[in-house]
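Since the structure comes first, as structure tokens, the remarks are kept for the end.
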Amino acid sequence: MARHVSEQKSDAIVISEQAAIEGLYQSLLEMGRLASNPVLEILAEPDRFKQGLKYPAGNLNFSGLGLRAYYHNHAKPYSRENEHGHFHIFVTDDPSQDVKLWQHLAALSVDAMGQAQSWFCVNNWVTGGTWLTAEKAKSELLNLFEQNRAQFMPVEKWIYYMLAVYFWRLLDLLEERDRTIKSLAADTPDALFGDRSIYDLAEMPVDLLADLSMRVE
């Protein structure tokens with residue numbers, strides 16, 4: 001059975017599961033009223049989307065909180081089926097740090113309509129930076145959920161609430177990632193982190209309607 005954001009009192013946070021779902025719904029409504037979606041919010045000129053470049057310039061900075069993201073895509077063999085691109089999401093407990101010191105949490109793959117397809121974790125060489133453990137990711141996200149998100153742009157709200165809705169499953173994904181690392185290079189993870197033949201370490205498909213239906217039953 002899926003765990004919930006508000007399941008454990010020791011993990012008490014400001015945002016409840018109901019609030020996370022409602023926030024995600026409202027972010028989608030807001031973009032809908034603008035005849036937009038996460039991809040269109042990022043790309044001013046979708047027809048000029050250039051492979052490998054990071055969008056937007058300067059990254060999404062979530063009002064200066066400990067969360068950042070950018071959007072881009074890859075050529076084969078790193079592209080996914082039906083994928084338009086993906087958001088790389090980073091966290092930190094000190095937003096004043098140089099962006100190079102931020103830690104990669106996960107990536108969120110979307111199609112051309114901005115519909116989420118999957119969460120995935122990549123090898124360290126893909127994004128660089130200090131490696132983020134599953135336990136540290138939990139504390140970073142719990143801290144983020146206590147922050148004021150009133151000033152977020154629509155796509156930032158969408159990413160934020162996607163993180164909240166998938167909180168426990170993301171932690172499971174990070175643990176799966178760590179098991180993969182252990183199975184491939186238990187004694188030499190640093191060597192694996194630089195192995196460019198290994199891109200993905202874990203992936204979780206997203207079917208938003210089905211996933212939300214399971215949560216409200």
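Read-outs throughout are calculated quantities, based only on the coordinates presented, and are distinct from any laboratory measurement. All values derive from a computational prediction rather than experimental measurement. When we count neighbours, we look across all protein chains shown, and the Cβ atoms used for this are built from the backbone with ideal geometry, even at glycine.
Considering the chain as a Gaussian network with a 10 Å cut-off on Cα pairs, which listed residue, SER63, SER118, SER96, attains the greatest mean-square fluctuation? With Cα springs under 10 Å in the chain, the top fluctuation among SER63, SER118, SER96 is at SER96. Under a 10 Å cutoff between Cα atoms, tell me which one of VAL165, VAL206, VAL91 has the largest fluctuation in the Gaussian network model of the chain. The residue that fluctuates most here is VAL206. Note on ASP187 and LYS138: with the Förster distance fixed at 25 Å, the Cβ-Cβ geometry gives a FRET efficiency of about 0.45.
With the cut-off at under 18 Å, measuring from each backbone N in region 61-75 to a point 7 Å along the Cα-to-Cβ line of LYS50 picks out 70-75.
List the trypsin sites (Lys or Arg not before Pro) in region 97-201 that DSSP assigns to loop (not H, G, I, E or B) and whose Cβ has at most 12 other Cβ atoms within 10 Å. Which are they? Those satisfying the criteria are ARG196. Would you please name the GluC sites (Glu not before Pro) within region 100-204 that are DSSP coil residues with at most 14 other C-beta atoms within 10 Å of their C-beta? Of the GluC sites (Glu not before Pro), the ones in loops of region 100-204 whose Cβ has at most 14 other Cβ atoms within 10 Å are GLU146.
As a quick test, which of the pairs LYS50/LYS182; LYS136/LYS157; LYS157/LYS182; LYS100/LYS138 have an alpha carbon distance above 30 angstrom in this structure? Violating the 30 Å Cα-Cα cut-off are LYS50/LYS182; LYS157/LYS182.
Picking from ALA19, ALA35, ALA106, which is most flexible by a Gaussian network model of the chain using Cα springs under 10 Å? Result: ALA35 has the largest fluctuation of those listed.
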